[in-house]
Amino acid sequence: MGSAIEKLTRLVDAEDRFDHSHADLRETQIEAIDERFQDRKDRIRLLGHRAAEAGVTAVDAFEDVVPLLFPHTAYKSYPESFLIDERWDRLGKWLGTISPYPIAPIETSDIGDIDEWIARLQAAGHYVSCSSGTTGKSAMLLASERDMAWSRKDTVNVFSWGSGVQPGRDRRMMGVAPTAAVPKNLISGEAQEAAFGDPDKKRFRLPIPPLTVGALTMMVVLRKKMADGTATPAELVAFERTSKERQESLDNALVAAAEAFIEYRADKLYIGGMWNALYQVAKLVRERGYAAADFHPDNCIYVGGGLKRAQLPPDYQQFVHETFNIPPDRDFQNYSMQELNSGMPKCQKGDRYHVPPWVVPIILDESGDALVPHASGEVEGRAGFFDLSLDGRWGGVITGDKISLDFDQCACGAKGPSVRNNIVRYADIVGDDKIGCAGTVDAYVRGLS
């Protein structure tokens, strides 16, 4: 790892890590991206192809970075037939096009499902996480042991900075999120519990089976079959039965969560979840006659993800806070995504998500093909990021988000760049989001896999 990368990433433990201005960071960030590019251009086949296509041999300015960013769809560019036909060998070859580390062939003839394939890759040091695929195919994202170690540290640091809660191991952990059981989620949860959880108080988890990568991809495959009319009657019946059983299981789990909150209401709680589930549990708690006055005055909350198209009343956040007695300075929200390895915590005063020095924000036009010039003030456009903490895959990504990036000092005092709390997805604005380079990237990766 080069000196510029080290200079930025070692700020992960610094109290003032968000207090470095864009002007102060600019040259070091460009140097660091070039260090990573020179190290990876011949090791990641897709990166080498993109660089050759654009004629980029070195990164001397942010404009040079744009053609080197991967569209987030690159991690969904595998042919669906690989999943449907359970071609684990071909999926492994596809992963090799986006990995900086050689993926040695593994025995696949005895693999029963994708969870077994992922476990076998993990034993070889390749951690594969998978997105939910709620709007289409699941993204498959590679990570290394170094990435896992970073996630353990970063998740604790960003929560502590954004919530003001110190790692005192004095809280009961209350998990209200049916999240996917993928490596990054599991590692982050373990790190949070080790830092903030009281070891003498058992962590509460929703009493439902873990949502594995296999379960996620089975849903994606079946949705695809249903969409193109190839699902069999038996598969359709099984889908309806499974959907009904899952909804009943979730409904029962939320009731169990409400009862657990009431039972543990005198404990200092660390509440984690997503807004929809948190709101449903809060409603159940209220229906049983309990509210803020019944709960500990120093509870904290970690909310991940958006509404995921859930329809909630306008005051849903206030309702949750008031139910569980969450002080304003103990409310933590984080802007990140599966494609990144680092979080951007929201501050309490400026209502902004603060970008750490090792994550380089790059604002693009709507198509993602060109840099929107920005050096001061506020700029709006498609979010691109380069995460210098990433080791197991390329750190540059073009997202599906439209953001406003602000270079001015925040009301909280931090001088570093920050993202305004008005993030929207282009898919929700224009319906069918199109990133200019996605088609050529997809075609290239498919040709190699």
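The values are calculated or read from the model by the stated rules, or taken from the named source; none is laboratory data. Please read all numbers here as calculations on a predicted model, not as lab measurements. All Cβ positions, glycine included, derive from the backbone under ideal geometry; neighbour counts span all protein chains shown. The area values use the complete protein model at the heavy-atom level, side chains included, leaving out ligands, DNA and RNA. Shrake-Rupley method; radii C 1.70, N 1.55, O 1.52, S 1.80 Å.
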Rounded to whole angstrom, the alpha-carbon centroid of the range 209-228 lies from that of the range 24-60 at a distance of 36 Å
So between residue 110 and residue 241, what do we pick up on full extension, going 0.36 nm a residue minus the alpha carbon distance?
44.3 nm
When the accessible area of the range 1-44 is computed with all protein chains present and a 1.4 Å probe, what percentage of it is carbon and sulfur?
41 percent
Of the candidates 440, 91, 54, the farthest towards the positive dipole end of the chain (Lys/Arg Cβ +1, Asp/Glu Cβ -1, centred on the Cα centre) is 91
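Just to check, using Stokes-Einstein with a Kirkwood Rh over alpha carbon pairs, what's the diffusion coefficient of the range 1-121 at 10 °C and 1.306 mPa s in µm²/s?
Numbers: Rh = 17.1 Å.
Using the Kirkwood radius from Cα pairs, D works out to 93 µm²/s.
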Using a simple spin-label model with points 7 Å from Cα along the Cα→Cβ vector, what separation in nm is obtained for residue 60 and residue 329?
4.9 nm
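Using helices alone, what [θ] at 222 nm do you get for the chain, with -39,500 (n - 2.57) per DSSP H run of 4 or more residues, divided over all residues and rounded to the nearest 500?
-12500 deg cm²/dmol
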Place a label point 7 angstrom from the Cα of residue 26 along the Cα-to-Cβ direction, then list the residues of the range 329-361 whose backbone nitrogen is under 15 Å away.
361
Counting only protein heavy atoms with a 1.4 Å probe and every protein chain in place, the carbon and sulfur fraction of the accessible surface of the range 219-364 in whole percent equals 51 percent
Paramagnetic reach from residue 375 in the range 24-57 [backbone N under 20 Å; point 7 Å along Cα→Cβ]
24-34
So, for the chain, what is the accessible surface per residue at a probe of 1.4 Å, expressed in square angstrom?
43 Å²
At a 1.4 Å probe radius, carbon and sulfur cover how many percent of the accessible area of the range 151-214?
54 percent
Phi angles of the range 112-121, converted by Karplus (6.51 cos²θ - 1.76 cosθ + 1.60, θ = phi - 60°) into ³J(HN,Hα) in whole Hz with x for Gly and Pro, give x, 7, 5, 5, 5, 4, 5, 4, 5, 5
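Report relative contact order for the chain in percent, whole number only (criteria: Cα-Cα under 8 Å, sequence separation at least 6).
Details: 796 pairs, mean separation 88.4, N = 449.
Once divided by the residue count of the chain, the mean separation gives 20 percent.
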Less than 22 Å apart at the alpha-carbon level, and either on another chain or at least 8 residues along: which lysines does that give for residue 41?
7, 76, 93
Tensor-based shape of the chain (alpha-carbon gyration tensor, a/c under 1.5 rounded, otherwise prolate or oblate)
oblate
Those lysines that a straight Cα-Cα span of less than 22 Å connects to residue 346, excepting residues fewer than 8 apart in one chain
153, 184, 308, 402, 415
Spatial separation of Cα centroids for the range 186-208 and the range 394-416, in angstrom
30 Å
Take peptides 283-290, 222-229, 84-91, 352-359 and line them up by average Cβ neighbours within 10 Å, highest first, as a rough protection proxy.
352-359, 84-91, 283-290, 222-229
Residues whose built amide H sits under 5 Å from the amide H of residue 408, excluding neighbours closer than 5 in sequence, are 377
What ³J(HN,Hα) values, in whole Hz, does the Karplus curve 6.51 cos²θ - 1.76 cosθ + 1.60 give for the range 345-358 when θ = phi - 60°, with x put for Gly and Pro?
x, 8, 7, 7, 9, x, 6, 10, 9, 8, 8, x, x, 8
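Put 241, 120 in order of accessible area, largest first, 1.4 Å probe: what do you get?
Numbers: 241 125, 120 80 Å².
Per-residue accessible area, sorted high to low, gives 241, 120.
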Give me the dipole magnitude in Debye, nearest 20, for the range 298-392 about the Cα centre, with unit charges on the beta carbon: positive for Lys and Arg, negative for Asp and Glu.
180 debye
Karplus (6.51, -1.76, 1.60) ³J(HN,Hα), θ = phi - 60°, over the range 201-215, in Hz, Gly and Pro reported as x:
10, 5, 5, 8, 10, 4, x, 9, x, x, 8, 7, 4, x, 5
